[in-house]
């Protein structure tokens, strides 16, 4: 997968894409990133990317002509390409959205900043995505979240089983929370690892984990049941 990120602050992404799973994915040729500085497509000598809103109001609005040029420069003429606008008014980002995005060959993420986008910019996007019902200073953090979530689902980045049994992944019982897990020590401050996990009986362990996953989901996220 190829990921292009249009942003006014490309330096924000260096620590993220140069570490851990994302770095290994690049080393293994499963992912490739391109950071595009929106300022490079700004207007005039001062590379202006925003302007005052028509009708008055506070803050500055990102210009549609500047964003349009940046998106055009990012395109790779792939049939499986999607432009994603990071916007608090967009569709709420969930695991099923990440699964859908992982099927594309090229994602173009557009990070907003300042007071928002010219409304005509929405016509340039295939997806408008929000990571939650709150406001951030820009789209960089949402872009990082989407990149990390989608990258885990790209074939070959992680073992298939590792992403198949995680919370919110589609399983036999729907998109529920993952079962509780334990490791050494067997006893810690009087609390013991459940004996069934030490039994070696794989069928019992599987049934126990399924039961605990549903129990945990009912307690913490009943909306998923």
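So if I check each of 31, 35, which one is free of Cβ contacts under 8 Å to residues at least 40 places away in the same chain, within 23 Å of residue 146 (Cβ to Cβ) and touching a strand residue (DSSP E or B) at 6+ places or on another chain (Cβ under 9 Å)? Before you say what the answer is, go through the steps one by one.
On the way: 31 fails: free of Cβ contacts under 8 Å to residues at least 40 places away in the same chain.
Of 31, 35, the one residue that is free of Cβ contacts under 8 Å to residues at least 40 places away in the same chain, within 23 Å of residue 146 (Cβ to Cβ) and touching a strand residue (DSSP E or B) at 6+ places or on another chain (Cβ under 9 Å) is 35.
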*asked:* For the stretch 145-176, which positions are in contact with a strand residue (DSSP E or B) (Cβ under 9 Å, 6 or more places away or on another chain), in contact (Cβ under 8 Å) with a residue 24 or more places away in the chain and not in a loop (DSSP other than H, G, I, E, B)?
replied: 146, 147, 150, 151
_Given (1) exposed (fewer than 12 other Cβ atoms within 10 Å of the Cβ); (2) within 21 Å of residue 14 (Cβ to Cβ); (3) not assigned by TED's automatic domain parsing to the domain that holds residue 17, number of the condition residue 137 does not satisfy_ = (3)
_Considering residues of the stretch 214-225 that are in a helix (DSSP H, G or I) and under 24 Å from the mean Cα position of the chain (by Cα) only, the residue nearest to residue 180 (Cα to Cα)_ = 217
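For the stretch 98-123, name all the residues that are assigned to a helix (DSSP H, G or I), buried (at least 18 other Cβ atoms within 10 Å of the Cβ) and touching a strand residue (DSSP E or B) at 6+ places or on another chain (Cβ under 9 Å).
Narrowing the stretch 98-123 to residues assigned to a helix (DSSP H, G or I): 98-101, 119-123.
From what is left, the residues that are buried (at least 18 other Cβ atoms within 10 Å of the Cβ) are 98, 101, 121.
101, 121, listed by residue number.
For the stretch 34-52, which residues satisfy the criterion of being surrounded by 18 or more Cβ atoms within 10 Å (Cβ to Cβ) and either modelled with pLDDT under 95 or part of a strand (DSSP E or B) (or both)?
36, 50
Identify, from the list 204, 170, the residue that is surrounded by 11 or more Cβ atoms within 10 Å (Cβ to Cβ), closer than 30 Å to residue 89 by Cα and outside the structural domain of residue 36 (by TED's automatic domain parsing). Even if it seems obvious, please write down each step before you answer.
Values: 204 fails: closer than 30 Å to residue 89 by Cα.
Just one listed residue meets the conditions, 170.
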*asked:* Can you pull out every residue in the stretch 53-80 that is at pLDDT below 95 and within 13 Å of residue 113 (Cα to Cα)?
replied: 59
*Residue list for the stretch 177-211, restricted to those being in contact (Cβ under 8 Å) with a residue 24 or more places away in the chain and assigned to a loop (DSSP other than H, G, I, E, B)*: 177, 178, 179, 180
*Take residue 225 and decide whether it is closer than 25 Å to residue 163 by Cβ and in contact with a strand residue (DSSP E or B) (Cβ under 9 Å, 6 or more places away or on another chain).*
yes
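The values are calculated or read from the model by the stated rules, or taken from the named source; none is laboratory data. These numbers come from a predicted model, not from an experiment. Cβ: placed from backbone, ideal geometry, glycine included. Neighbour counts: every protein chain shown.
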